[in-house]
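Structure record follows, encoded as structure tokens.
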Amino acid sequence: MDMDKAKWRGNWQVERVPETGSTNADLLAGVSLEVPHRYVLTTAFQSAGKGRLGRVWEAPSGANLLVSVLLRDVAGPLHRVTQHLGLAAALVLQEKYGLRAGVKWPNDVVVTIPRDGADVDVKIAGILAQAAGNNVVVGMGLNVKWAPPPEVADATCMVELVSAVDVPEPIDMLDMVLARFDDVSGLDERESFALYRKHLHTLGKQVQCEMPDGSHVVGRAVDVGADGRLNVLDECAVTHHIDTADVMHLRLA
């Protein structure tokens, strides 16, 4: 595919730009303008992209999928959009590339790989959704050909996991993810939530949750609610309902 601005299957209107500060910021600015529903902005290079807690990163130009989507008049909660996009990416990685991909609460896509005699979940994509009234801009950075070095983040990319001849171009990965996003979003609420729970790698794991105030909750992730909160059972048999946290999957000794 080589289109700078075009309508794709599913009536996605996709614009490609060589460089920008942040695709999320650009589309949030477009909410008050006449940028239409299902508008997609993707770039080869992003100089001020942000993740949760304001984290900033820069991938080499053209290496990864850097994209944001504008959805207008969204009826459901913000977390549902995040769940659907993460699930869509995980399903593409599973079905097309045979990777053991899933979702890490609240908004990462991870791949399970062997390391030091055990299976570990390593990040391959991150998602950030931001609301503007009833409109949602949801952005994703998916590591296709580059991942941050180990001293920066515990992450991987597709080029490290699949045969070189099978590694897609970022724009082709976008086409597959958007199609799968439509599939997931088209399910009724109960079906989509069940599918999300099935592929939520955090469930059943021993986790450490770093709370916004700096405190920590450690325990086993036993469930996720329809409200998006993670339920963590600590060693005192107290269940914590987590709204917002950085979550680490712990390895059992």
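Can you bin the stretch 206-249 into rounded, prolate or oblate? Criterion: square roots of the alpha carbon gyration tensor eigenvalues sorted a ≥ b ≥ c, rounded for a/c under 1.5, prolate for a/b above b/c, oblate for the rest. In terms of gyration-tensor shape, oblate. One quarter of the convex hull surface built on the alpha carbon atoms of the stretch 98-160 amounts to 5.5 nm², the projected area averaged over directions.
When DSSP beta bridges are restricted to pairs lying wholly in the stretch 5-198, around 80% turn out antiparallel. Compared with the dominant principal axis of the Cα atoms in the chain, helix 78-97 is inclined by about 90°.
Positive end of the dipole of the chain, charges at C-beta (+1 Lys, Arg; -1 Asp, Glu), about the Cα centre: which of L27, V81, S215 has its Cα farthest in that direction? Final value for the positive-end residue is V81. 3J(HN,Hα) along the stretch 238-252: 9, 8, 9, 9, 8, 8, 9, 5, 8, 10, 10, 7, 8, 8, 6 Hz, from the Karplus curve 6.51 cos²θ - 1.76 cosθ + 1.60 with θ = phi - 60°, whole Hz, x for Gly and Pro.
Taken as Cα centroids, the stretch 24-50 and the stretch 117-131 sit 22 Å apart, rounded to the nearest whole angstrom.
Here's the list of aspartates and glutamates a cross-link from K96 could span, going by alpha-carbon distance under 16 Å and ignoring same-chain residues fewer than 8 apart: E160, D166, E169, D172, D175, D183. Neighbours of R197 by Cβ distance under 15 Å: Lys/Arg scored +1, Asp/Glu scored -1, total +1.
Helix 170-185 and the longest principal axis of the Cα set of the chain meet at an angle near 70°. Taking each DSSP H run with n ≥ 4 as -39500 (n - 2.57) and averaging over every residue of the chain yields -7000 deg cm²/dmol at 222 nm. Taking amide H as placed 1.01 Å from N in the peptide plane, N231 has its amide H under 5 Å from the amide H of V222, D223, V224, G225, I242, each at least 5 places away in sequence or on another chain.
Annotation: peptides 181-187, 135-141, 237-243, 210-216, ranked by per-residue average of other Cβ atoms within 10 Å with the highest first, follow the order 135-141, 181-187, 237-243, 210-216.
Rounded to the nearest whole Hz, the Karplus-based 3J(HN,Hα) values (6.51 cos²θ - 1.76 cosθ + 1.60, θ = phi - 60°) of the stretch 66-71 follow the sequence 10, 8, 9, 10, 9, 10, with x at glycine and proline. Based on every Cα atom in the chain, Rg and the maximum pairwise Cα distance Dmax equal 17.7, 56 Å.
Computed from point charges on the beta carbon alone (+1 for Lys and Arg, -1 for Asp and Glu), the dipole magnitude for the chain about its Cα centre is near 240 Debye. The relative contact order of the chain, computed from alpha carbon pairs under 8 Å that lie at least 6 residues apart in sequence, is 15 percent. Note on T112 and R100: their simple-model spin labels are 0.5 nm apart, each label 7 Å out from Cα toward Cβ.
Each of L200, G126, C157 was scored by the projection of its Cα onto the charge dipole of the chain, and the greatest displacement toward the positive side belongs to L200; charges sit on the C-beta of Lys, Arg, Asp and Glu. With R₀ fixed at 30 Å, the C-beta to C-beta distance from T239 to E19 puts the FRET efficiency at about 0.05. Centre-to-centre separation between the Cα atoms of the stretch 203-253 and those of the stretch 140-189: 26 Å. Compared with the dominant principal axis of the Cα atoms in the chain, helix 189-198 is inclined by about 60°. Evaluating 6.51 cos²θ - 1.76 cosθ + 1.60 at θ = phi - 60° for every residue in the stretch 40-48, the Karplus couplings come out as 10, 10, 10, 9, 7, 9, 10, 8, 9 Hz, glycine and proline recorded as x.
Put in order of Cβ neighbour count within 10 Å, fewest first, the listed residues I127, I171 become I171, I127.
In this Cβ point-charge picture (+1 for Lys and Arg, -1 for Asp and Glu), the stretch 206-249 has a dipole of about 120 debye about its Cα centre.
Readers should treat all values here as calculations from the given coordinates under stated rules, not as data from a laboratory. What you are looking at is a predicted structure, and each value in this text was computed from that prediction instead of being measured. Cβ: placed from backbone, ideal geometry, glycine included. Neighbour counts: every protein chain shown.
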